[in-house]
1. Assigned by TED's automatic domain parsing to the domain that holds residue 143 and part of a strand (DSSP E or B) - does that describe any residue in the stretch 92-111?
2. Please list, ordered by first then second residue, the pairs with beta carbon atoms under 8 Å, 6 or more apart or interchain, first in the stretch 166-186 and outside the structural domain of residue 225 (by TED's automatic domain parsing), second surrounded by fewer than 24 Cβ atoms within 10 Å (Cβ to Cβ).
3. Just one of 231, 287, 302 is modelled with pLDDT under 90 and assigned to a loop (DSSP other than H, G, I, E, B); which is it?
4. Do we have any residue at all in the stretch 453-475 that's free of Cβ contacts under 8 Å to residues at least 40 places away in the same chain and either assigned to a strand (DSSP E or B) or not assigned by TED's automatic domain parsing to the domain that holds residue 377 (or both)?
5. Which of the numbered conditions does residue 335 fail, given that it passes all the others? Conditions: (1) farther than 19 Å from residue 415 by Cβ; (2) surrounded by fewer than 17 Cβ atoms within 10 Å (Cβ to Cβ).
6. I'm trying to understand the selection: among the residues of the stretch 138-176, which are in contact with a helix residue (DSSP H, G or I) (Cβ under 7 Å, 6 or more places away or on another chain) and part of a strand (DSSP E or B)?
7. Mind checking which pairs have a first residue in the stretch 227-248 that is without any contact (Cβ under 8 Å) to a residue 24 or more places away in the chain and a second that is surrounded by fewer than 24 Cβ atoms within 10 Å (Cβ to Cβ), Cβ under 9 Å, 6 or more apart or different chains?
8. In the stretch 401-408, is there at least one residue being surrounded by 23 or more Cβ atoms within 10 Å (Cβ to Cβ) and over 22 Å from residue 547 (Cβ atoms)?
């Protein structure tokens with residue numbers, strides 16, 4: 001049965017979208033058996049040398065190349081059957097016969113083909129040995145992974161130099177090792193980020209090796225590690241109905257990136273409503289467990305995306321993401337791939353991508369951000385990034401929420417970002433005034449005002465379940481003011497989030513995702529943007545309320561004129 005699934009995945013001839021040309025084929029390859037030396041085990045331990053097969057799937061674009069390389073890492077879905085002889089732990093019988101092994105990499109062959117159609121050589125190595133609960137180890141993926149990756153990359157380097165029959169097609173001159181990206185699903189995120197950190201700061205690779213820094217990383221339903229950020233273009237996709245990691249802790253990769261000082265590259269996050277963890281992989285079990293406290297609506301099958309729609313989304317998003325970060329270095333920041341993927345700073349933050357509902361967050365490079373409020377300590381509720389001292393109205397209140405600590409009273413908040421709770425008992429006079437320094441600020445080089453926001457569904461001040469409307473106002477040194485309103489019609493994050501009280505656990509069922517809002521500064525008509533005195537956030541709705549706010553900042557794209565992709569790859573402005 002497993003072998004049949006592999007053949008279906010590799011031979012699938014239909015295009016992703018009706019009417020489009022057929023995608024390039026995916027080819028299986030194998031370089032035979034090797035061993036992983038588990039040096040962390042005793043020398044005479046029979047489990048020290050672990051056998052595995054160097055095998056995978058590759059898809060290659062038409063043409064001569066050279067093409068960028070995308071490595072696609074599958075997650076840990078179980079490879080070989082359980083070892084019935086061991087009762088203490090749930091371990092695998094490794095190695096098992098090829099006919100018995102679930103080839104989890106085959107479930108991502110559709111992504112390799114979609115990327116090949118856009119000009120990438122895409123390889124999906126079989127990583128079952130890396131994840132296997134076998135040979136005396138449980139959870140050893142970060143220790144086993146480097147040797148397995150090196151085996152695949154060295155084979156690619158050799159095939160790029162000379163004809164290697166194992167790949168079934170010629171790769172001579174096809175690979176551009178100076179542009180390597182990784183797309184990783186689930187547990188694969190741990191491997192991808194380990195590589196990104198290890199390669200950071202290395203010189204750019206040439207055609208002779210594949211050891212240079214990564215050009216981009218896209219994490220899908222990632223599991224989070226506290227090891228730290230890597231300064232590469234980063235994308236995170238969170239499936240709202242994730243049954244494996246229901247708290248969506250992988251959002252922590254985005255939160256680490258947005259807090260990193262002097263970061264040179266952007267980070268993006270997509271909260272995909274109705275998506276599940278396993279459905280991104282065609283051969284993974286599709287009956288993934290429901291969360292202990294399920295997200296509102298997710299237990300109902302009609303509330304979840306069909307696996308095919310979910311995979312179609314990823315097959316469209318991934319090529320656009322890598323096009324926006326790895327292709328022509330002089331592409332404009334408002335290029336079509338960037339806009340389609342929600343990565344264009346000039347566009348409003350999207351509420352849908354590829355016809356599916358989403359919430360998104362986008363943090364550009366540090367040099368493009370003039371931060372007003374990005375709370376790291378309680379003191380940041382007073383003095384802001386421009387040096388002004390914040391004021392609040394008599395009926396409003398500000399609370400600081402520390403990074404990685406729950407801010408909401410019960411709800412699950414992906415990533416637990418550092419943020420501010422802005423609440424009020426009476427909307428009349430409820431405001432948060434942020435003076436932009438002792439002297440007026442020149443914002444003429446900036447394109448938009450950005451903040452991340454979500455209504456707090458657990459605060460008793462929102463017990464009416466009504467949406468919130470906020471007004472953003474800029475005032476210049478001459479006293480001229482202009483404002484724009486944010487309401488639930490244009491900013492879904494200000495609507496009451498889907499969810500309900502969990503009375504059995506005295507908690508909340510649901511997510512509260514901090515979504516980006518971008519307002520073009522041209523909307524503040526009549527204000528002299530060269531001499532802006534204050535930014536004010538006030539309440540325009542008629543009830544009490546509470547919202548969570550982070551990353552109040554002004555964004556600019558002008559540095560893109562220097563030839564930087566997306567306006568997001570550059571050194572700080574002088």
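The values are calculated or read from the model by the stated rules, or taken from the named source; none is laboratory data. All of these numbers come straight from a predicted model, not from anything done at the bench. Here the Cβ is made from the backbone with ideal geometry for all residues, glycine too, and neighbour counts use every protein chain on show.
1. Restricting attention to the stretch 92-111, the residues satisfying the condition of being assigned by TED's automatic domain parsing to the domain that holds residue 143 are 92-111.
So of that shortlist, the ones also part of a strand (DSSP E or B) come out as 92.
Yes.
2. Hits for this filter: zero, empty list.
3. On the way: 231 fails: modelled with pLDDT under 90; 302 fails: assigned to a loop (DSSP other than H, G, I, E, B).
Going through 231, 287, 302 in turn, just one is modelled with pLDDT under 90 and assigned to a loop (DSSP other than H, G, I, E, B): 287.
4. Step one: filter the stretch 453-475 for residues free of Cβ contacts under 8 Å to residues at least 40 places away in the same chain, giving 460, 463, 465.
Now narrow it down to the ones that are either assigned to a strand (DSSP E or B) or not assigned by TED's automatic domain parsing to the domain that holds residue 377 (or both): none.
For the stretch 453-475, residues free of Cβ contacts under 8 Å to residues at least 40 places away in the same chain and either assigned to a strand (DSSP E or B) or not assigned by TED's automatic domain parsing to the domain that holds residue 377 (or both): absent.
5. It fails just one condition, (2).
6. The answer is 175, and nothing else.
7. Every condition considered, no pair remains.
8. no
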